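Peer 1: Mind looking over this structure? Questions follow.
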Amino acid sequence: MDLSYNEKIVLKAIGEKEINAVELADMTGLKVETVVHAASILAEKGLADLKEEVKSWFELTWEGKKYAVEGLPERVIHDKLPAEGMSLNDVKKEFPPQLVNIAIGWLRQKSWAKFEKKDGDTILIPLDAPQSKDEKLLECLSHEKFDGDLSEYKKELKDLLKRNLIEEKEKKERIIVITSEGLKLKEAGIEITEEIGQLTPEMIMTGAYAGKSFRKFDVDKPVQMEYGGRKHILRMGMDKVKRTLIEMGFKEMEGPMVDAEFYVNDLLFMPQDHPARTHWDQFNLKFPQYINYLPEDLIKKVAQIHLDGGDTGSLGWNYQWDEMIAKKLVLRGHTTSVTARYLAKYKTPPQKFFSVEKVFRNDTIDATHLLEFFQIEGWIMDHNLNIKELMGTFKEFYARMGITVLKFKPTYNPYTEPSLEIYGRHPRTNRWIEVGNSGMFREEMLAPYGIDCDVVAWGLALERLMMILYGYEDIRDLHGPLCDINFLRSVPVIWRQ
Ligand SMILES: N[C@@H](Cc1ccccc1)C(=O)O
């Protein structure tokens, strides 16, 4: 019979006594998968038997280990009870609440204490409490590699499992044993000659392959999948977006995830009592609560414009602007805060900037919303821009990404006029979904910087774009801890730098 090198090694190593694949790997110096693979071929040839056995055992959980050392809560409390008893109130003062909660029920169940009512309180009087079976079990299991007989502990095993103090572990084992057919072959003698598994250029050049035997490969056999490290689908999408915008002549901006409300809201002419500025919508920082510096000249102008519009011709919001509110730190709800920071530095046209960064919103999570997502922010500064510039930019950008069906809808933002929502059509559900919001910055927003030309700007959602492009129906498939690892491993490469 024709046997491969590895099959010969395995056949030589096995006998009539069962052996598992891990031990066999140890013995032969082969990898466990190699042993199993060779054994399965030997089994096909009738020379070996290969079976799977599931082994199970019990282990202490973290809490179980703790109690194995310190004693179960009912034991700890029992042993501290004075002979004349202790009132439940005192017990609660003496011991941590988690301990008391667990212990009381078990003290009763195990009859380790008497509960006597007295003057509206309950007195716990300790009774005789020899080591209980569950304590014995806990002790047994605390010895490493314990594999004694547990058949008389059925009830205690159930109890400790319920108390989450032990857990059942399982391991699959592959057991290999030789057949009589295999034995015959082995007794007739197996000659192991080395095989060349991989022909290298050196072997060809030196002729070292001559006269050697080659290992045979069955290319139809299923093999174990190998997964290398790779980029997350969202990162690939982000790279593609960035490259596309750079090709369209934009430069990249960067800004902090935690920022002062001044940049997130106030510079955007968002009144300080705007509903989007409450904790219902945005996440405040507990510590530190405030930014320590805001530029003086911008502060003055923003205060004036919120009050009466300053010299913009606007009426403002007619209220006293509060610097402390502006200094509050929040997780930014949009990356327009980054734009607000950049406008202070780049005030003269022409300018084109973008960013693809994370934003945070206190939304209700559903198929199209998470508490965080990636926003594709961008703006163009020039003379004589109008809404067509915006629509044209979106058409161009989305076409380069592969989306040609778009719808625009007028909307309202405190900081843009006119304002425009952008919708794309989902390929599977055929629904229109909002992919972004945009507009022309208002005079009230540009005046504090002294910018006297036009700025069109937008914020688009990266995840929504990916949903339309690749047909995902739930944002949670793409972003966050619910992403399926097998999906992430097998998703096609959509972009490579
Ligand atoms: N900040 C807006 C998007 C936007 C940016 C710039 C101008 C207009 C709109 C949002 O998060 O939805």
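Peer 1: When you scan the stretch 325-413 for strands (runs of 3 or more DSSP E) that lie fully inside it, which ones turn up with 1 or more residues that are of a type in the set (S, T, N, Q) and under 23 Å from G450 (Cα atoms)?
Peer 2: Of the strands (runs of 3 or more DSSP E) lying wholly inside the stretch 325-413, those with at least 1 residues that are of a type in the set (S, T, N, Q) and under 23 Å from G450 (Cα atoms) span 351-360, 406-413.
Peer 1: Exactly one of (1) without any contact (Cβ under 8 Å) to a residue 24 or more places away in the chain; (2) more than 13 Å from the ligand (Cβ to nearest atom); (3) buried (at least 17 other Cβ atoms within 10 Å of the Cβ) is unmet by K395. Its number?
Peer 2: Single failed check for K395: (3).
Peer 1: From (1) open to solvent by 40 Å² or more (accessible area, probe 1.4 Å); (2) aromatic (F, W, Y); (3) within 16 Å of the ligand (Cβ to nearest atom), pick out the condition that doesn't hold for Y415.
Peer 2: It is condition (1) that Y415 fails.
Peer 1: Does R400 satisfy the condition of being of a type outside the set (V, I, T), in the same structural domain as W379 (by TED's automatic domain parsing), open to solvent by 10 Å² or more (accessible area, probe 1.4 Å) and within 13 Å of the ligand (Cβ to nearest atom)?
Peer 2: no
Peer 1: Do we have any residue at all in the stretch 311-333 that's within 16 Å of the ligand (Cβ to nearest atom) and not hydrophobic (A, V, I, L, M, F, W, C)?
Peer 2: Within the stretch 311-333 (the criterion being within 16 Å of the ligand (Cβ to nearest atom) and not hydrophobic (A, V, I, L, M, F, W, C)), the answer is yes, since at least one residue qualifies.
Peer 1: Please go through the stretch 168-199 and pick out each residue that is part of a loop (DSSP other than H, G, I, E, B) and touching a strand residue (DSSP E or B) at 6+ places or on another chain (Cβ under 9 Å).
Peer 2: T179, T193, E194, G197, L199
Peer 1: Let me ask something else about it. Give me a count of the residues in the stretch 243-259 that are of a type in the set (D, E, K, R) and either open to solvent by less than 50 Å² (accessible area, probe 1.4 Å) or modelled with pLDDT under 95 (or both).
Peer 2: 1
Peer 1: Against the definition (of a type in the set (K, R), outside any loop (DSSP other than H, G, I, E, B) and open to solvent by 40 Å² or more (accessible area, probe 1.4 Å)), how does K155 come out, yes or no?
Peer 2: The answer is yes for K155.
Peer 1: Check the stretch 97-112 and report whether any residue there is under 30 Å from I14 (Cα atoms), within 42 Å of the chain's Cα centre (by Cα) and modelled with pLDDT under 95.
Peer 2: No, that holds for no residue.
Peer 1: Consider G378 carefully, then state whether it is away from the ligand (no atom under 14 Å from the Cβ), open to solvent by less than 60 Å² (accessible area, probe 1.4 Å) and not acidic (D, E).
Peer 2: For G378, the condition - away from the ligand (no atom under 14 Å from the Cβ), open to solvent by less than 60 Å² (accessible area, probe 1.4 Å) and not acidic (D, E) - is not met.
Peer 1: I've got another one for you. Open to solvent by 30 Å² or more (accessible area, probe 1.4 Å), within 13 Å of the ligand (Cβ to nearest atom) and either among the hydrophobic types (A, V, I, L, M, F, W, C) or not assigned by TED's automatic domain parsing to the domain that holds R243 (or both): is that true of I422 in this structure?
Peer 2: Here the answer is no, as I422 does not meet what is asked.
Peer 1: Just to verify a result, which residue in the stretch 1-39, among those that are basic (K, R) and open to solvent by 80 Å² or more (accessible area, probe 1.4 Å), is farthest from E195 (Cα to Cα)?
Peer 2: Of everything passing the filter in the stretch 1-39, K17 is farthest from E195 (Cα to Cα).
Peer 1: Hey, can you tell me all the residues within the stretch 284-305 that are more than 17 Å from A260 (Cα to Cα) and free of Cβ contacts under 8 Å to residues at least 60 places away in the same chain?
Peer 2: Listed by number, the list holds a single entry, Q304.
Peer 1: Also, I was wondering about something else. With respect to L50, determine if the residue is touching a residue at least 12 places away in the same chain (Cβ under 8 Å) and part of a strand (DSSP E or B).
Peer 2: When the stated conditions are applied, L50 passes them.
Peer 1: Touching a helix residue (DSSP H, G or I) at 6+ places or on another chain (Cβ under 9 Å), modelled with pLDDT of 90 or more and open to solvent by 90 Å² or more (accessible area, probe 1.4 Å) - does that describe any residue in the stretch 184-198?
Peer 2: Within the stretch 184-198, not a single residue is touching a helix residue (DSSP H, G or I) at 6+ places or on another chain (Cβ under 9 Å), modelled with pLDDT of 90 or more and open to solvent by 90 Å² or more (accessible area, probe 1.4 Å).
Peer 1: Out of W317, W321, W280, report the one residue that is at pLDDT below 95 and aromatic (F, W, Y).
Peer 2: W280
Peer 1: Another one. Check whether at least one residue in the stretch 87-104 is assigned to a loop (DSSP other than H, G, I, E, B), over 25 Å from L138 (Cβ atoms) and open to solvent by 40 Å² or more (accessible area, probe 1.4 Å), and report yes or no.
Peer 2: no
Peer 1: Something else now. Let me confirm something: among L285, L298, L268, which residue is of a type in the set (A, V, I, L, M), buried (at least 18 other Cβ atoms within 10 Å of the Cβ), in contact with a Leu (Cβ under 9 Å, 6 or more places away or on another chain) and closer than 26 Å to S355 by Cα?
Peer 2: Among L285, L298, L268, only L298 is of a type in the set (A, V, I, L, M), buried (at least 18 other Cβ atoms within 10 Å of the Cβ), in contact with a Leu (Cβ under 9 Å, 6 or more places away or on another chain) and closer than 26 Å to S355 by Cα.
Peer 1: Let me ask you something else. All but one of (1) open to solvent by less than 30 Å² (accessible area, probe 1.4 Å); (2) more than 30 Å from A21 (Cβ to Cβ); (3) part of a strand (DSSP E or B) hold for E116, so report the exception by its number.
Peer 2: The number of the failed condition is (1).
Peer 1: Separate question: Within the stretch 336-344, is even one residue of a type in the set (D, E, K, R), within 13 Å of the ligand (Cβ to nearest atom) and surrounded by 15 or more Cβ atoms within 10 Å (Cβ to Cβ)?
Peer 2: No, every residue in the stretch 336-344 fails to be of a type in the set (D, E, K, R), within 13 Å of the ligand (Cβ to nearest atom) and surrounded by 15 or more Cβ atoms within 10 Å (Cβ to Cβ).
Peer 1: So, one more: D134 - would you say it is at negative phi, open to solvent by less than 40 Å² (accessible area, probe 1.4 Å) and more than 45 Å from the chain's Cα centre (by Cα)?
Peer 2: So D134 fails the test.
The values are calculated or read from the model by the stated rules, or taken from the named source; none is laboratory data. All values reported here derive from a predicted model rather than from experimental measurement. Glycine also receives a Cβ, built like all others from the backbone with ideal geometry; neighbour counts cover every protein chain displayed. Note: accessible area is taken over every heavy atom of the protein model, side chains too, but ligands, DNA and RNA are not part of it. Shrake-Rupley method; radii C 1.70, N 1.55, O 1.52, S 1.80 Å.
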